[in-house]
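**Student:** Here's a structure for you.
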Amino acid sequence: MLQNPVTLKPGLYTTLTDPTSGCTATATTLVELCCFTKAGTMDTVLVTLCREKPFAVPHAGDQKLEPNDRLRFVLFSNPKKMWTSVLARSDTALFAFLPGVTQFDSIYYVVAIAGDSLGSADSVNVADPCYSVSKRAAVRWVRKPTVWQTEPETTVCRAGCVNLGFEMTGAPTVNGQRSTVNVSTWDLK
């Protein structure tokens, strides 16, 4: 039994004991870090949103937190350099389009992070030995498509045809399919 308990870091420790019988014994002990903290699971399928619509990142709610831990969500732009490309942090998985910061047709990423709380609004201690980061979710905002009719021919004769033109802006496809416009024809008599 230890008279003065100490906090040990993970590693291999060797102890030497000298009982009163005059014999000595050596024992080696491996100390491992056992962490309970887990940031939880994020859905990693790309989410595509129309216009500046806010979104809630699919998080399974399976986080595990110790009493001093905090769960946060981070929106960032560079998957290789998360901390240098942070755009927003939140206590919930809800993020909005940030005009002037986020752009249409770019992919952004969200992770859940968990670790010791530093007490301030955006603070999870990334130096916490039990700090946890989830796999990243991906999101992309696209412009809402618009369609308008271009100037038609001005003269239409009986039993004639007219060419109607349409122009589009925004995403050229819907759910991976080419967008089409259905046009009705009228028989002029």
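None of the figures in this text is laboratory data; all of them are computed from the coordinates on show. In this text the structure is predicted, and so the values were computed from the model without any measurement. FYI the Cβ positions are ideal-geometry reconstructions off the backbone, even for glycines, and counts take in every protein chain you see.
**Student:** Please give the net charge around Lys80, taking every other residue with its beta carbon less than 15 angstrom from that of Lys80, where Lys and Arg add +1 and Asp and Glu add -1.
**Tutor:** That sum, taken over residues with Cβ under 15 Å, equals +3.
**Student:** Exposure proxy check: Tyr108, Tyr131 ranked by fewest other beta carbons within 10 Å?
**Tutor:** Lowest to highest Cβ neighbour count: Tyr131, Tyr108.
**Student:** Per residue of segment 125-137, what does 6.51 cos²θ - 1.76 cosθ + 1.60 with θ = phi - 60° give for ³J(HN,Hα)? Whole Hz please, x for Gly and Pro, Karplus curve as stated.
**Tutor:** Rounded to whole hertz, the list is 6, 6, 8, 4, x, 9, 3, 9, 10, 6, 5, 8, 9.
**Student:** Sticking with this structure for a sec: Arrange the following residues from fewest to most other Cβ atoms within 10 Å of their Cβ: Asp128, Asp62.
**Tutor:** Asp62, Asp128
**Student:** A follow-up question, please. Local charge sum around Gln103 (other residues, Cβ-Cβ under 12 Å, Lys/Arg +1, Asp/Glu -1)?
**Tutor:** Result for the neighbourhood of Gln103: 0.
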